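Following: one structure in structure tokens, then a few remarks.
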Amino acid sequence: MGSEVVKAVEAAPDTELVAGVGGPGERDAVLGADVVVDFTHPDEVMGNLRWLIANGIHAVVGTSGFDEGRLAELRGLLDEAPGAKVLIAPNFGIAAVLMMHFAAKAAPYFESAEVIELHHPNKADAPSGTAYRTAELIGAARDRAGLAPAPDATTSEIQGARGAQVAGVHVHALRITGMIAHQEVVFGTHGETLTIRHDSMNRESFMPGVLLGVREVAGLAGPLTLGLEPLLGLTD
Ligand SMILES: NC(=O)C1=CN([C@@H]2O[C@H](COP(=O)(O)OP(=O)(O)OC[C@H]3O[C@@H](n4cnc5c(N)ncnc54)[C@H](OP(=O)(O)O)[C@@H]3O)[C@@H](O)[C@H]2O)C=CC1
Ligand SMILES: O=C(O)C1=N[C@H](C(=O)O)C[C@H](O)C1
């Protein structure tokens, strides 16, 4: 992803590459930049963000692995050192953002909802950040609608067979050679099911969203923004 960002920033008429960085020891190379884009590793990203916030540099973050604990820490750091804005997008694909948005819209109408994500086998984390966020959005929409937990009569299970649970929603992670990044959200009610599927065919597909983030991050309303939705007018 880092290489794709370098290509995209160099090709865009209104952005200029300051530096490409391959590890924490090289951070000083980005001092003076307006914005840093982070696609690194879930174990590395918080250290990078602590440093960027301390140096007042805006951050556009694609790296996965953000739970409520990490977001709370970032809010605290941004309160203590105002100046930098941070945009964390679980997925920069415009179609992926729409898939999450449509899933949240559909959620109140179905008894059952589960998420299946499929990725290349080099991925470090499971479930994907996109699947985690999708499940959170579906769970919140179900709660707002007052839905009961999805029906499930399972009483005997090999551990993991029903996936992980995020916000009460089962999430299943597949790692398949030849794939890039894909997700299905499966909804069901009596006599009808709805499947919303998203496929990323290449890594270039994330770049319009990344460049949008780079252009907009400094002007975002709050110090921390989660998801590309507000930049696309998808706020309801
Ligand atoms: N939000 C989105 O739309 C997308 C998010 N992602 C997420 O982005 C992250 C990266 O994915 P991907 O590019 O495929 O992963 P890769 O493993 O291919 O690349 C990560 C790179 O980051 C480098 N790196 C590790 N730590 C640091 C650091 N502290 N500073 C600078 N560079 C560092 C690694 O170097 P080395 O190999 O030497 O460790 C490696 O070159 C993942 O969390 C993935 O889930 C991916 C695609 C889209
Ligand atoms: O690791 C990847 O490849 C991807 N990671 C992100 C995630 O965890 O959701 C976004 C996309 O799925 C590609």
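At a glance:
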item	result
Residue, farthest from residue 230 (Cα to Cα), within the stretch 82-94, restricted to residues that are surrounded by 14 or more Cβ atoms within 10 Å (Cβ to Cβ) and either among the small types (Gly, Ala, Ser) or in contact with a strand residue (DSSP E or B) (Cβ under 7 Å, 6 or more places away or on another chain) (or both)	84
Yes/no for residue 64 being modelled with pLDDT of 95 or more, part of a loop (DSSP other than H, G, I, E, B) and of a type in the set (Gly, Ala, Ser)	yes
Residue 89 among the aliphatic types (A, V, I, L, M), under 13 Å from the mean Cα position of the chain (by Cα) and within 15 Å of ligand 1 (Cβ to nearest atom)	yes
Residue check for residue 158: over 29 Å from residue 236 (Cβ atoms), of a type in the set (A, V, I, L, M) and away from ligand 1 (no atom under 15 Å from the Cβ)	yes
Identity of the residue in the stretch 105-132, open to solvent by less than 30 Å² (accessible area, probe 1.4 Å) and among the β-branched types (Val, Ile, Thr), that ends up farthest from residue 202 (Cα to Cα)	115
Tally of residues being without any contact (Cβ under 8 Å) to a residue 24 or more places away in the chain, within 9 Å of ligand 1 (Cβ to nearest atom) and open to solvent by less than 70 Å² (accessible area, probe 1.4 Å) across the stretch 23-46	2
Filtered residues of the stretch 206-235 (kept if open to solvent by 50 Å² or more (accessible area, probe 1.4 Å) and over 16 Å from residue 133 (Cα atoms))	208, 215, 216, 218, 219, 221, 223, 232, 233
Residue in the stretch 60-78 that is farthest from ligand 2 (Cβ to nearest atom), counting only those that are surrounded by 14 or more Cβ atoms within 10 Å (Cβ to Cβ), of a type outside the set (Lys, Arg) and within 15 Å of residue 41 (Cα to Cα)	60
Test: residue 162 is assigned to a helix (DSSP H, G or I), of a type in the set (D, E, K, R) and open to solvent by less than 60 Å² (accessible area, probe 1.4 Å)	no
Every residue from the stretch 111-152 that is over 18 Å from residue 199 (Cα atoms) and either within 16 Å of ligand 1 (Cβ to nearest atom) or part of a loop (DSSP other than H, G, I, E, B) (or both)	111, 124, 125, 136, 137, 146, 147, 148, 149, 150, 151, 152
Residue in the stretch 15-29 that is within 16 Å of ligand 2 (Cβ to nearest atom) and more than 14 Å from residue 225 (Cα to Cα) present	no
Hits in the stretch 70-101 (condition: outside any helix (DSSP H, G or I), of a type in the set (A, V, I, L, M) and under 13 Å from residue 131 (Cα atoms))	89
Residue within the stretch 49-56 that is exposed (fewer than 14 other Cβ atoms within 10 Å of the Cβ) and either modelled with pLDDT of 95 or more or not in a loop (DSSP other than H, G, I, E, B) (or both) present	yes
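Listed here are the residues, each with its yes/no results for (1) exposed (fewer than 15 other Cβ atoms within 10 Å of the Cβ); (2) touching a Gly at 6+ places or on another chain (Cβ under 9 Å).
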site	(1), (2)
143	yes, yes
153	yes, no
178	yes, no
181	no, yes
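The values are calculated or read from the model by the stated rules, or taken from the named source; none is laboratory data. In this text, all values refer to a predicted model and were calculated from it rather than measured experimentally. Because the Cβ atoms are built from the backbone with ideal geometry, glycine has one as well, and the counts that use them run over all protein chains shown. Keep in mind that these areas ignore ligands, DNA and RNA; they rest on the heavy atoms of the full protein, side chains included. Shrake-Rupley method; radii C 1.70, N 1.55, O 1.52, S 1.80 Å.
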